[in-house]
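Have a look at the structure below before the remarks.
Every number in this text was worked out from the coordinates using simple rules, so none of it is lab data. These numbers were taken from a predicted model, which means no experiment stands behind them. Cβ sites come from the backbone with ideal geometry, for glycine too, and all protein chains shown count toward neighbours.
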Amino acid sequence: MDSVQHWGAARVYLGDRSGKYPDGNQVIVQGTELRVAFDTPQVANRIGADFDEVDLVILGHVHEDHMAGLHRVPAARVQVHQADLAAAQSWDGLSRHYGYPPPVLEALHRMIVADFHYHPRPDASAYADGAVWDLGGGVRIRAHHLPGHTSGHCALVVESEGLAFIGDIDLSGFGPYYGDATSNLALFRRSLQAVADIEARVWVTSHHRAVVTERTQFLSDLRRFASKIDERSDKLLDYLHEGPQSLEQLVARRVMYPPGFELPYVESAERTTIGMHLEELSRAGLVMQGPDGLWARV
């Protein structure tokens, strides 16, 4: 059985390698009236009755690795922030959420069915920023909308326990991910500031860091995580210092994934990510796109 930590009404099941992708960390919250799961990573398939008997799944956001246990709980209600709702309800909605070209989507669909037990939930319903769930016995959960990773990404805070599940603000060395159609770099920057203001004593990430119990450590990890954004901008400026380059040339050199790392969506994610950085750098007057379509430093 995977490691489990108890934090009052909340239990945290640690996925493989502290929830490193493709796995994740599972939070289950128990009230006197409801048992609730936050997301359903791969580890959900190894927990047993504690997960399989949940009444409600609250998705902090929608991606394949957060839906990997939904097939086990067909009778449980599923709720997701309204901006990510369509992505939870159907493959068509998830395809628009990703925004990848059709051949990439075809390969990705095969992968997530095989590796993540992908099952859409057409019965999923929406919640909004500030939504509150009362589980009974004084156990209360509140949603904090923190977009950027996806348009509906939220932190889910067990206020009665001071535990904040901050999802894919995961404090990893990889840094923030904003490579999909509903991702937004400017909003991610704001969310990285807002998450620091959420009142909590324990911070749980979907991946990598798992559980952080000291605020000073949390803030240090958050600064390091956020710094990856500017590191990527600096990398692009270094590339362009060599001379004007096209978007495709920059995509081939990469700013997010290491050369040689391949998954169906990597090139598409790099293209989206680099495009956002170039727009941001252009607004700052640091780069410009010429009439030939090439990007250059100003």
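Percentage of Cα-Cα pair distances in the stretch 173-298 greater than 24 Å, rounded to whole percent?
Considering the stretch 173-298, 35 percent of its Cα-Cα pairs are separated by more than 24 Å.
Which of these, Glu248, Glu270, Glu64, has the largest mean-square fluctuation under a Gaussian network model of the chain (Cα springs below 10 Å)?
Glu248
Would you please classify the overall shape of the stretch 229-289 from the alpha carbon gyration tensor, given that a ≥ b ≥ c denote the square roots of the eigenvalues, rounded means a/c under 1.5, and beyond that prolate means a/b larger than b/c while oblate covers the rest?
Cα axes put the stretch 229-289 in the prolate bin.
For the stretch 4-222, calculate the relative contact order in percent as a whole number, restricting contacts to Cα pairs under 8 Å that are 6 or more residues apart.
Relative contact order, the stretch 4-222: 19 percent.
Please give the charge dipole size of the chain, origin at the Cα centre, charges +1 on K and R Cβ atoms and -1 on D and E Cβ atoms. Round to the nearest 20 debye.
400 debye
Looking at the square roots a ≥ b ≥ c of the eigenvalues of the Cα gyration tensor of the stretch 89-175, which shape do they give, rounded for a/c under 1.5, prolate if a/b is larger than b/c, or oblate?
prolate
So what is log10(I(q)/I(0)) for the stretch 1-153 at q = 0.12, 0.19 1/Å, when the Debye sum runs over its Cα atoms only?
Log10 of I(q)/I(0), two decimals: -0.48, -1.22.
Going by C-beta contacts inside 10 Å, put Ser268, Ser3 in order with the fewest on the left.
In increasing order of surrounding Cβ atoms, one gets Ser3, Ser268.
Would you mind ranking Thr216, Thr273 so that the residue whose beta carbon has the fewest other beta carbons within 10 Å leads the list?
Thr216, Thr273
Relative contact order, percent, of the stretch 199-288 when contacts are C-alpha pairs under 8 Å separated by at least 6 residues?
Reported relative contact order: 18 percent.
Once R0 is set to 35 Å, what does the formula 1/(1 + (r/R0)^6) return for the Cβ-Cβ distance between Asp55 and Ser3, expressed as a FRET efficiency to the nearest 0.05?
The calculated FRET efficiency here is 0.90.
Within the chain, which DSSP H helices have Cα atoms that stretch 30 Å or more along the helix axis and a mean Kyte-Doolittle hydropathy of at least -1.0?
Helices meeting the span and hydropathy rule in the chain are 215-241.
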